[in-house]
Amino acid sequence: RASRPWWHTAVVYQVYPRSFADSNGDGVGDIPGITARLDHLDELGVDVVWLSPVYRSPHDDNGYDISDYTDVDPAFGTLADLDELIAEAARRDIGVVMDLVVNHTSDEHPWFEESRSSTDSAKRDWYWWRDAKPGTTAGEPGAEPTNWGSFFSGSAWQLDEATGQYYLHLFSRKQPDLNWENPEVRAEIYAMMRWWLKRGVAGFRMDVINLISKRVGRDGSLEDGAPRADGWGNGFPQYVDGPRMHAFLAEMHQQVFDAFPGTYLTVGETPGVTLEQARAYTDPANREVDMVFQFEHMGLDHGVGGKFDPRPLHLPDLKANLARWQDGLAETGWNALYWNNHDQPRIVSRWGDDGEHRVVSAKTLGTVLHLHRGTPYVYQGEELGMPNAGFTSLEQYRDLESLNHAADAERLGIDPEVLLRGLAAQSRDNARTGVAWDGGPHGGFTTGEPWIGSTPGWEHTNAEAARADQGSVFHHYRRLIELRHTDPVVVDGEFALLAPEHEELWAFTRTTAEAQLVVLANLSGDELAVDLAELGLAEGAPLRDVAVASHAEAARPDGEGRLVLRPWESVVFRRA
Ligand code: TEU
């Protein structure tokens, strides 16, 4: 890759504004709070901040239900605050990437209010309106235009009494799906995107972008899906990676990014995307998006009942999945690498050890991810080794996905203890408690009462304490990011997985003509003996130089090429 795009060496930090830092004591994070914490991100060394939505919103889905795309919600501040954040970030060579949520709007967006006002509204066709199923009476069970279930429980269709028609909402009923088949909708969205680029943003993270093209018949018909465990139909095959996906993304690229010099970071959030589809979306020759978030690894601990029916991870499955994506996008396209975001539980609790070995397991999980090839994403608090929220009662939850699931669980007769265990392990709220900045109440996230409970342990797990401790997760992530910025092997090295079947060891190499990085990580709470000869690492230069390690005194091989990794220990050797 002679002339690589700038984001090949970049690291992105995701801010969930509601929970990052509250500057005015109202218990909700805001934009001035982010601006005030930019030095933390600067010291960490990240290149980009991906800002989860700060637009006007009724906050039904914490801002992923937008009622005005070109204004900032008062809960987060003003447009002037956002301009200030963009400018202050730029002063630190940090770009701000906005969250583009255009599969749906809020039902309080003027476009939807106009659309729902009458069946012959000029904007009726901006959304998906359909009559009750033929032979049924609107409002009766089974009358929904298709049997599709929503991502947030219940039907994906909502009856609008005023006109007697249903509208589609793949997510909450306050998130009606936009009709991307309508060129007026697309033109309006592209104009809004250009408006943000003119304002100085560095690109977009595109929310569920692979759902915008539905499989719709010439007569406008939509097909039912196979039955789901909850009794609704699985509409996913009817709207994931639909027939006009590439046309829409290519048109967006032409209408938006080609209109501006420079390169912008675009990352598609693509639930259910396959490797083949990801190659097509991220092939630079297609000029669609730069990279996508895949979800296959995030489903490896989902039981038969889905995400809230978790089962233990089998490490070889995870190693194999990441390796498959490394190999699959080695020549064409690019990987977005992540463990955490605002939709996932925190990785140190999920696949690390948030008890005795919390710090070292958080460091080792970071090492493994950041030494893969692609652009790493750090989610707020991940660099502090923040664990899950530890909620024990339903009253502590705020996320509509979790609350709707709880209501559904009752209907489905799921044992309350099983429900609470599933929520405690997998609820999105695990990632949405306030970031801890110091040892004060609520970790200094707010001086008021936070909108959601705080994760216990802020007294010791907070940014101030982390920055003062060279052995902290924070400084480890800082070293990982520095390594990516300084060592071309991290960016370019060919990936090779070693010992794929080993259930505790995660070992792989990254190789270029100049040098090789050897990553050895013990993902268990027990000591682990490693034999370099068995790994095929005994030939070549000895493993002597340590590029980054979880422990101050890294384990090193003895004269026979053996080394013992302590619980959760990782070492990255570099050899020419
Ligand atoms: O997430 C889409 C999505 O795939 C998630 O809903 C995911 O499937 C689920 O949370 C895992 O159980 C995006 C946003 O990241 C999410 O916060 C929004 O709720 C959703 O879209 C609707 O905008």
Inset, instruction - Could you grab me the full set of residues in the stretch 403-448 that are away from the ligand (no atom under 16 Å from the Cβ), open to solvent by 30 Å² or more (accessible area, probe 1.4 Å) and closer than 21 Å to V348 by Cα? - result: L420, R421, D438, G439, H442
Inset, instruction - Considering every residue within the stretch 556-575, establish whether at least one is in contact with a Gly (Cβ under 7 Å, 6 or more places away or on another chain) and in a strand (DSSP E or B). - result: yes
Legend entry - Leading residue by the ranking (farthest from G164 (Cα to Cα)) among those in the stretch 88-140 that are over 25 Å from the mean Cα position of the chain (by Cα) and among the aliphatic types (A, V, I, L, M): A122
Legend entry - Of all residues in the stretch 168-211 being small (G, A, S) and away from the ligand (no atom under 16 Å from the Cβ), the one that is farthest from A143 (Cα to Cα): G200
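Can you say whether A555 is closer than 26 Å to S472 by Cβ, more than 28 Å from the chain's Cα centre (by Cα), at pLDDT 95 or above and surrounded by 14 or more Cβ atoms within 10 Å (Cβ to Cβ), as far as the supplied structure shows? Before the answer, list the steps.
Details: closer than 26 Å to S472 by Cβ: yes; more than 28 Å from the chain's Cα centre (by Cα): yes; at pLDDT 95 or above: yes; surrounded by 14 or more Cβ atoms within 10 Å (Cβ to Cβ): yes.
Taking the combined requirement at face value, the residue satisfies it.
Which residue is farthest from the chain's Cα centre (by Cα), if the candidates are limited to the stretch 76-87 and must be of a type outside the set (S, T, N, Q) and open to solvent by 30 Å² or more (accessible area, probe 1.4 Å)? Explain how you work it out, then say what you get.
Here is the first cut: in the stretch 76-87, the ones of a type outside the set (S, T, N, Q) are 76-77, 79-87.
From the residues that got through so far, the ones that are open to solvent by 30 Å² or more (accessible area, probe 1.4 Å) too are 79-81, 83-84, 87.
Numbers: L79: 25, A80: 27, D81: 25, D83: 24, E84: 25, A87: 25 Å.
Checked the stretch 76-87; the qualifying residue farthest from the chain's Cα centre (by Cα) is A80.
Please verify whether L322 is touching a Leu at 6+ places or on another chain (Cβ under 7 Å), at negative phi and surrounded by 15 or more Cβ atoms within 10 Å (Cβ to Cβ), treating the condition exactly as stated. Walk me through how you get there before you give the answer.
Working: touching a Leu at 6+ places or on another chain (Cβ under 7 Å): no; at negative phi: yes; surrounded by 15 or more Cβ atoms within 10 Å (Cβ to Cβ): yes.
No: the conditions fail for L322.
Identify all residues within the stretch 200-240 that are under 30 Å from W6 (Cβ atoms) and not in a loop (DSSP other than H, G, I, E, B); write none if there are none. Steps first, answer last, please.
So in the stretch 200-240, the residues under 30 Å from W6 (Cβ atoms) come out as 200-213.
G203, F204, R205, M206, I209, N210, L211, listed by residue number.
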Inset, instruction - Could you tell me whether the stretch 33-53 includes any residue that is more than 24 Å from D438 (Cα to Cα), of a type in the set (S, T, Y) and surrounded by fewer than 21 Cβ atoms within 10 Å (Cβ to Cβ)? - result: no
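Consider D415 carefully, then state whether it is outside the structural domain of G352 (by TED's automatic domain parsing), out of contact with any strand residue (DSSP E or B) (no Cβ under 9 Å at 6 or more places or on another chain) and in contact (Cβ under 8 Å) with a residue 24 or more places away in the chain. Give the steps one after another, and end with the answer.
Details: outside the structural domain of G352 (by TED's automatic domain parsing): yes; out of contact with any strand residue (DSSP E or B) (no Cβ under 9 Å at 6 or more places or on another chain): yes; in contact (Cβ under 8 Å) with a residue 24 or more places away in the chain: no.
So D415 does not fit the description; no.
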Inset, instruction - Report yes if some residue within the stretch 533-543 is of a type outside the set (S, T, Y), touching a Leu at 6+ places or on another chain (Cβ under 7 Å) and not in a loop (DSSP other than H, G, I, E, B); otherwise report no. - result: no
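Just checking, which of W339, W334 is under 25 Å from F257 (Cα atoms), open to solvent by less than 10 Å² (accessible area, probe 1.4 Å) and in contact with a Lys or Arg (Cβ under 9 Å, 6 or more places away or on another chain)?
Values: W339 fails: under 25 Å from F257 (Cα atoms).
Exactly one residue qualifies, and that residue is W334.
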Inset, instruction - Exactly one condition in (1) charged (D, E, K, R); (2) surrounded by fewer than 23 Cβ atoms within 10 Å (Cβ to Cβ); (3) within 16 Å of the ligand (Cβ to nearest atom) is not met by R346; state its number. - result: (2)
Legend entry - Meets criteria (within 23 Å of the chain's Cα centre (by Cα), of a type in the set (A, V, I, L, M) and farther than 30 Å from A552 by Cβ) for A463: no
Inset, instruction - Kindly indicate whether any position in the stretch 449-459 is surrounded by fewer than 21 Cβ atoms within 10 Å (Cβ to Cβ), small (G, A, S), within 16 Å of the ligand (Cβ to nearest atom) and touching a residue at least 40 places away in the same chain (Cβ under 8 Å). - result: no
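Yes/no per residue for (1) at pLDDT 95 or above; (2) open to solvent by less than 30 Å² (accessible area, probe 1.4 Å); (3) under 30 Å from G95 (Cβ atoms):
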{"position": "A156", "(1), (2), (3)": "yes, yes, no"}
{"position": "Y167", "(1), (2), (3)": "yes, yes, no"}
{"position": "E184", "(1), (2), (3)": "yes, no, no"}
{"position": "W195", "(1), (2), (3)": "yes, no, yes"}
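Which one of G25, G95, G63 is modelled with pLDDT of 95 or more and over 26 Å from I209 (Cα atoms)? Please lay out each step first, then the result.
Working: G95 fails: over 26 Å from I209 (Cα atoms); G63 fails: over 26 Å from I209 (Cα atoms).
Exactly one residue qualifies, and that residue is G25.
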Legend entry - In the stretch 16-32, the residues that are in contact with a helix residue (DSSP H, G or I) (Cβ under 6 Å, 6 or more places away or on another chain), over 20 Å from T455 (Cβ atoms) and open to solvent by 10 Å² or more (accessible area, probe 1.4 Å): S23, P32
Legend entry - Filter result (over 25 Å from G457 (Cα atoms), within 16 Å of the ligand (Cβ to nearest atom) and not charged (D, E, K, R)) within the stretch 360-402: L400
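The values are calculated or read from the model by the stated rules, or taken from the named source; none is laboratory data. Here the structure is a predicted model, which means the values were calculated and not measured. In this analysis, Cβ positions are derived from the backbone assuming ideal geometry, glycine residues included, and neighbour counts consider all displayed protein chains. Accessible surface is based on the protein model in full, side chains and every heavy atom, while ligands, DNA and RNA are left aside. Shrake-Rupley method; radii C 1.70, N 1.55, O 1.52, S 1.80 Å.
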